[in-house]
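Taking it in order: structure first as structure tokens, then the write-up.
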């Protein structure tokens, strides 16, 4: 099937032309009109790769950490309608048995790959190896010191589906954990009060990721550059960014793209209240209150996002990020972070035909997964 008369976002940027989908994959991309019979006319719409959210906890009243496969499928259907075609469901700081149940649900849903659902591309394990001081909305009752053997059991229990594992570098045993876990997946520095030297040691040990840049970490200071300074000077470290307009000021969004050129992964960090009305919800055994699009714990702590990744993409452009950089930060770069860029993240021959047809303002009109409409 040919799709013609589109503005297609290729690895080189937008190209006015057409693309062919065959057997669920992109078969060809070309400028102009190939003159194919029975082609789908896109009417000049923008076509971007399917969005890839590598840090999302929930939506539609469901949370990955519930360990409920039906709830996880509901999340995946919602994401697909928002243009997210692949995602890494993200856990919270919880007991190991709760994490094991959630990870098993993700592995099973990935195996089933139901129609109309965003595909599970991996698991992001956010917690429990965090600093109490920078726990944010993580539940302090379940915080633990880094434990590679416990992690290994969780990793093996879901068939190696964990793609990102978070840790605070200043904790006892963190460096050893990073060294060992980084042989299995990407290790991310997160929810940390580490100074520059502690963070640098983690990156030297093998950490290559930074969870929600600026949030749950010390601010950068000219005499104490901390985690942000240590991460920014390493070209193999990618940094997540919540671009919901609340977690990070627009000026800091622009700063982030300069500090980490070609290394920013836009994320939603969405909670179960995403796509839901104002009210009270649960997060890792804690109460969360959504009001006016802002989710907070009872003590006022910001507790994640109620935004979609498509919202964050549009915000990034609105905040002054060049559109080509913003699109890559929501597609190719997160796919690369979880080792899936050989399969998804760009529109080019051989890759899975995951794409979104969008308005000029990047509002998602229709999404396709493996060439099938959502």
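Sequence-distant contacts, meaning Cα pairs under 8 Å at least 6 residues apart, place the relative contact order of segment 15-67 at 20 percent. Applying 0.36 nm per residue to the separation of residue 27 and residue 280 and subtracting their alpha-carbon distance, the gain on full extension is 86.4 nm. For segment 1-156, the percent of C-alpha pairs falling in each 5 Å distance bin, counted from 0 to the bin holding the largest distance, reads 2, 9, 15, 16, 13, 11, 10, 8, 6, 5, 3, 1, 0.
Hey, for a label at residue 236 modelled as a point 7 Å past Cα toward Cβ, could you say which residues of segment 259-286 have their backbone N under 20 Å away? Backbone N within reach: 260-265. Computed from the alpha carbon atoms alone, the convex hull of the chain holds 121 Å³ per residue. Using only Cα atoms, find the angle between the long axis of helix 309-318 and the longest principal axis of the chain, and express it within 0 to 90 degrees, rounded to the nearest 10. Between helix and principal axis, roughly 80 degrees. Ignoring everything except DSSP H segments at least 4 long, calculate the 222 nm mean residue ellipticity for the chain; use -39,500 (n - 2.57) per segment, divide by total residues, nearest 500. When only DSSP H runs of four or more count, the value is -7500 deg cm²/dmol.
Based on DSSP, what percent of beta bridges with both residues in segment 51-343 are antiparallel, to the nearest 5?
Working: 13 of 36 bridges.
If I count the DSSP bridges inside segment 51-343, around 35 percent turn out antiparallel.
The largest-to-smallest principal axis extents of the Cα set in segment 22-86 are 50, 22, 18 Å. Take the Cβ atoms of residue 145 and residue 179, set R0 to 25 Å, and the FRET efficiency comes out at 0.95. In the elastic network of the chain, a GNM with C-alpha springs shorter than 10 Å, the most mobile of 40, 317, 248 is 40.
The simple Förster model, with R0 at 30 Å and r as the Cβ-Cβ distance, assigns residue 113 and residue 10 a FRET efficiency of 0.70. Comparing 348, 323, 235 in a Gaussian network model of the chain, where Cα atoms under 10 Å apart are tied by springs, the biggest mean-square fluctuation is seen for 235. The simple spin-label model puts a point 7 Å past each Cα toward its Cβ; for residue 294 and residue 366 those points are separated by 3.9 nm.
The mean sequence separation of alpha-carbon pairs under 8 Å and at least six residues apart, normalised by the residue count of the chain, gives a relative contact order of 21 percent. Here the Gaussian network model covers the chain, with springs between Cα atoms less than 10 Å apart; of 145, 183, 135, 183 fluctuates the most. Quotient of the Cα radius of gyration of segment 314-368 and 2.2 N^0.38 Å, N being its number of residues: 1.18. In the chain, the longest principal axis of the Cα atoms and the axis of helix 196-205 are about 60 degrees apart. Run the paramagnetic zone check for residue 221: 7 angstrom along Cα to Cβ, then residues of segment 193-214 with backbone nitrogen under 13 Å. Within reach of a label on residue 221: 194-196. Full extension of the segment from residue 36 to residue 68, taken as 0.36 nm per residue of separation minus the current Cα-Cα distance, would add 7.0 nm.
Each value in this text was obtained by applying a stated rule to the coordinates, not by laboratory testing. Worth saying up front: this structure is predicted, and the values here are computed from it rather than measured. Cβ: placed from backbone, ideal geometry, glycine included. Neighbour counts: every protein chain shown.
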